[in-house]
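Q: Handing you this structure, nothing more for now.
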Amino acid sequence: MAIASDTLSSIQQLLESLHAPPYVAAAVLGGVSLLLSVFVIGGWRKRHRNLLPPVPAIPGLPVLGNLLQLKEKKPHKTFARWAAKYGPVYSIRTGASTVIVLNTAEVAKEAMVTRYSSISSRKLSKALTILTSDKCMVAMSDYNDFHKMAKRYILANVLGANAQKRHRQRRDTMIENISSHLFAHAKDSPSQSVNFREIFELELFRLALKETLGSDIESIYVSELGTTALREDLFRILVIDPMEGAIEVDWRDFFPYLRWIPNKGVEDKIRSMEYRRRVTMKSLIEESKKRIAAGEETNSYAEFLLSEAKTLTEDQISMLLWETIIETSDTTLVVTEWAMYELAKDPKRQDYLYQHILSVCGSAKLKEENLAQLPYLTAVFHETLRKHSPVPIVPLRYAHEDTQLGGFFVPAGSEIAVNIYGCNMDKEHWESPEEWKPERFLDEKYDPMDLHKTMAFGGGKRVCAGALKASLVACTTIGRLVQEFEWKLGGGEEDKVDTLGLTARKLQPLHAIVKPRTN
């Protein structure tokens, strides 16, 4: 600070020699003092950051970096293996980009909460940029005014506590429909396995359509496509195709300086998916507008956005409505299907859960009000989220300023990958993490109401808005299915544990033999 003091003394002497008024001298000296302070403090911070060690790097190849080591297309598992060898925090090169990979809960929470202001922006692939209309949805948007407004809207109308009360009857109807399908199958084909996903997927989609658009839509004419889309077509266009498109790899994402080279095959495929999605949503929204204009009370997200969200464009409204459809239809399916797989594979734990439900509900049907009295059911839900997290890797963020994570220096421009799968397979944090053991969540060190212990719903300001709804739908469904049926895996089903690409979605649908319980 001696340099700063000498500088200020010299300036003061100069002003006195020029006979400057006292207030001018004070103003000049104050301004210079502030600038010097910023300079000195900024320089100290920069030197301090440079004292931190760099993030350890996984050895790779020139230009390509570690891309060839990720060719199995299940990066979350590769990242977890590397964590065991190189430590929980390391960097990789994916072509021109540096990605900092976090495989431990403590550093992941540091990134999502403590250092959030430095790494709050999303980094999307070309496919996701197209499919999300350039971040025009809550889950993929940057943390800005649009994100805050859209999250307020979706919580108030679809995902928040009050919204759950308004949509309660629709959820109850969904579960009754699933139960009816399974009873009918058990009666007609008692020795044959049932495709659980086929039934649950359809009912979840119907629930999503009701909550979003106010109607269980069986078909709709899409003029731009020149065809009538049936419900199964709608599911393909609005859910399956975009999910598959989201994991499509465009090599230009790894080499931005080569974007000028055409990659028509991949880009045309994604743009075709986006067009079909966009014109189908347009037709669905027009149909919803007609019902509202006719005086029908739809109790839907569409009704709210069309009447109240005056600052949103038609495209933004369409994207926000589509987001509720795809997220209701997929994430809850993943955790429920895996939970039923694990229970069907494990008769002892299935029976323990059944006895637990019986002791609380007796012969009455399990309802959402009973969930707080069923800690083992909640443990089944959390353990399934831990072992089969619906989103194994949090969508990439990037550091827009120099920061630090886990005691390492992270330079601006680095991309950040939080490997939820790796965090939940961390042997330092979880005992026998490869085993499915719901009992671990009955330990006193876990808060039974904490939805975020496995980080499956993220954390901090970007915590998943749908956590409450997902837990209500999944827990009530799992509980009712075990209360009413004995579950046994179909032949060869135990070995079908592969997942679809970089998601946790089961590659093959769950097939199980269901037997109605005698009570």
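The values are calculated or read from the model by the stated rules, or taken from the named source; none is laboratory data. Only a predicted model underlies this, so the values are computations on that prediction, with no experimental measurement involved. In this analysis, Cβ positions are derived from the backbone assuming ideal geometry, glycine residues included, and neighbour counts consider all displayed protein chains. When the accessible area is computed, the model is the full protein with side chains, heavy atoms only, and any ligands, DNA or RNA have been set aside. Shrake-Rupley method; radii C 1.70, N 1.55, O 1.52, S 1.80 Å.
Q: Any chance you could run the full-extension gain for E106 through D498? It's 0.36 nm times the residue separation minus the Cα-Cα distance, nm to one decimal.
A: Extending this stretch completely gives an extra 138.3 nm.
Q: Right, next: Rounded to a whole number, what % of the accessible area of the chain do carbon and sulfur atoms account for, probe 1.4 Å?
A: Of the solvent-accessible surface of the chain, carbon and sulfur hold 56 percent.
Q: So how tilted is helix 22-51 from the main axis of the chain? Cα-based, degrees 0 to 90, rounded to 10.
A: For helix 22-51, the angle is close to 50 degrees.
Q: Can you count the Lys pairs in region 391-519 whose Cα atoms are under 27 Å apart, with each pair 8 or more apart or on different chains?
A: 26
Q: Let me ask something additional. Could you check the spin-label model distance between L442 and E428? Points 7 Å from the Cα along Cα→Cβ, value in nm.
A: 3.0
Q: OK, next. Projecting each Cα onto the charge dipole of the chain (Lys/Arg +1, Asp/Glu -1 at the beta carbon, about the Cα centre), which of L284, W338, I270 comes out farthest on the positive side?
A: I270
Q: Related question: Where does the charge balance sit around L510 when Lys and Arg score +1, Asp and Glu -1, over other residues with C-beta under 12 Å from its C-beta?
A: Every neighbour counted, the sum reads 0.
Q: Still on this structure: Sequence gap at least 6, Cα distance under 8 Å: using those rules, report the relative contact order of the chain to the nearest whole percent.
A: About 23 percent, as a whole number.
Q: Helix 168-188 versus the longest principal axis of the chain: what is the Cα-based angle in degrees, 0 to 90, to the nearest 10?
A: The two axes meet at around 40 degrees.
Q: Report the full-extension gain for the segment K310 to V249: residue separation times 0.36 nm, less the Cα-Cα distance, to one decimal in nm.
A: The span from K310 to V249 would gain 18.3 nm if fully extended.
Q: A further question on this structure: Let me have the 222 nm mean residue ellipticity of the chain computed from DSSP H runs of 4+ only, each contributing -39500 (n - 2.57), with the sum over all residues rounded to the nearest 500.
A: Here the helix-only value at 222 nm equals -16000 deg cm²/dmol.
Q: What FRET efficiency would be calculated for the residue pair Q373, A96, taking the C-beta separation as r and a Förster radius of 60 Å, to the nearest 0.05?
A: Calculated value: 0.65.
Q: List the lysines whose alpha-carbon lies under 24 Å from that of K290, not counting same-chain residues fewer than 8 positions away?
A: The reachable lysines, counting only those whose Cα sits under 24 Å from K290, are K210, K282, K310.
Q: In addition: Net charge near H147, counting Lys/Arg +1 and Asp/Glu -1 over other residues with Cβ under 14 Å of its Cβ?
A: My count for the surroundings of H147 gives +4.
Q: So what is the accessible area of region 67-516 per residue, in Å², with the probe set to 1.4 Å?
A: Accessible area per residue, region 67-516: 43 Å².
Q: At most 12 other Cβ atoms within 10 Å and a DSSP loop assignment: could you name the chymotrypsin sites (Phe, Trp or Tyr not before Pro) in region 260-367 that fit?
A: Those satisfying the criteria are W260.
Q: A further question on this structure: Which three extents, in whole angstrom, do the alpha-carbon atoms of region 67-516 cover along their principal axes, largest first?
A: So the extents along the principal axes, rounded to whole Å, are 62, 57, 39.
Q: Post the alpha-carbon centroid distance, region 229-252 to region 275-329, in whole angstrom.
A: What the calculation gives is 19 Å, centre to centre.
Q: Using Cα pairs under 8 angstrom and six or more residues apart, how large is the relative contact order of region 345-457, in percent?
A: The value is 27 percent.
Q: While we're looking at this one, here's another question. Give the residue list of GluC sites (Glu not before Pro) in region 408-516 that are DSSP loop and have at most 13 other beta-carbon atoms within 10 angstrom.
A: Taking region 408-516 and a limit of 13 other Cβ atoms within 10 Å, the loop GluC sites (Glu not before Pro) found are E428, E431, E434, E435, E444.
Q: Can you tell me the length gained on complete extension of the stretch K148 to E224, counting 0.36 nm per residue apart and subtracting the Cα distance?
A: Difference between extended and current length: 24.0 nm.
Q: Counting only DSSP beta bridges with both residues in the chain, tell me the antiparallel percent, nearest 5.
A: Bridges in the chain are about 80 percent antiparallel.
Q: Let me ask something else. Where in region 52-85 are there trypsin sites (Lys or Arg not before Pro) that are in a DSSP coil and have at most 13 other Cβ atoms within 10 angstrom of their Cβ?
A: For trypsin sites (Lys or Arg not before Pro) across region 52-85 that sit outside H, G, I, E and B with at most 13 neighbouring Cβ atoms in 10 Å, the list reads K71, K73.
Q: Quick one, can you get me the convex hull of the C-alpha atoms of region 373-421 expressed as volume per residue in Å³?
A: Dividing the Cα hull volume of region 373-421 by its residue count gives 110 Å³.
Q: Going by alpha carbons, how many degrees (0 to 90, nearest 10) lie between the helix axis of 75-86 and the longest principal axis of the chain?
A: Taking Cα atoms only, the helix is inclined about 60 degrees.
Q: Something else now. For the chain, give the magnitude of the charge dipole about the Cα centre (Cβ charges: +1 Lys/Arg, -1 Asp/Glu; no others), in debye to the nearest 20.
A: My answer is approximately 580 debye.
Q: Also, I was wondering about something else. Using a Förster distance of 35 angstrom, determine the FRET efficiency expected from the C-beta separation of A294 and A184, and round it to 0.05.
A: The value I calculate is 0.50.
Q: Follow-up. Give me the net charge for the shell around L238: Cβ to Cβ below 13 angstrom, other residues only, Lys and Arg +1, Asp and Glu -1.
A: -2
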